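Worksheet: one structure, shown below.
Nothing in this text is a laboratory measurement; each read-out follows from the coordinates by a stated rule. Just so it is clear, the model here is predicted, and its values are computed rather than measured. Cβ placement follows ideal geometry from the backbone for every residue including glycine, while neighbour counts extend to all protein chains displayed.
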Amino acid sequence: AQTVTQSQPEMSVQEAETVTLSCTYDTSESDYYLFWYKQPPSRQMILVIRQEAYKQQNATENRFSVNFQKAAKSFSLKISDSQLGDAAMYFCAYCKRVGSEKLVFGKGTKLTVNP
Amino acid sequence: GAGVSQSPRYKVAKRGQDVALRCDPISGHVSLFWYQQALGQGPEFLTYFQNEAQLDKSGLPSDRFFAERPEGSVSTLKIQRTQQEDSAVYLCASGKGWGRARNEQFFGPGTRLTVL
């Protein structure tokens, strides 16, 4: 079974600084997707960024980028120029490319942004 | 509507009562998922539909949990004889189910169920 581990229950960052959230996963599949979701206190989960395992290039979405290390099964999220609105729970998630489309989530990292 | 909607947003039930939670997916989305999120935890998969077909129900914790999507659009998650351990936020997500973004899921706001 696939598992996703987020080893940092909480992180904090100063506004305008950079922070990196860690995620590791375990799978025997070779083709899959990885995601970072953001869940603000209002609870609605929002997709931040996605990475396809067959692509070597790291995904980037504006201030958000990932460091995908397939051999190490590591998928970290870097948030640059942190803003107060970035404060939320961040969940790393895994999905097989073929077969069951369910997401397997980590336990989350609570990010606090200090003004 | 523009996004996934869920109702009710909050539900309080007495232990032993039956509850029904509704999900309206994004129009045209083929895939629909239910997840259970306990306090302070990540969401855990319950079940998955492609159109009206329930393709995976491996995450349903007991036979008290039942989900349906009879016309391939709206879905209902029903919990019979609720127990205190059923207290959680129930999230619904939908996805296109095809194309490059087939695995992207769009989440609703959730229903917070409290069983007394």
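Exposed loop sites here are GluC sites (Glu not before Pro) in DSSP loop states with at most 13 other C-beta atoms within 10 Å. What is the longest stretch of chain A lacking them? The reported range is A:30-115. Exceedance of the 21 Å cut-off in Cα-Cα distance is limited, within the set B:11/B:96; A:38/A:78; A:55/A:96; A:70/B:96; A:96/B:96; A:73/A:102, to B:11/B:96; A:70/B:96.
When chain B is treated as a Gaussian network with alpha carbon springs shorter than 10 Å, the biggest mean-square fluctuation among B:75, B:31, B:58 belongs to B:58.
The distance linking the range A:69-89 with the range A:5-22 is 7 Å (Cα centroid to Cα centroid, whole angstrom). Restriction of the trypsin sites (Lys or Arg not before Pro) in the range A:76-115 to DSSP coil positions whose beta-carbon has at most 16 other beta-carbons within 10 angstrom yields A:97, A:107. Each label was represented as a point 7 Å from its Cα along the Cα-to-Cβ direction; for residue A:44 and residue B:64 these points are 3.1 nm apart.
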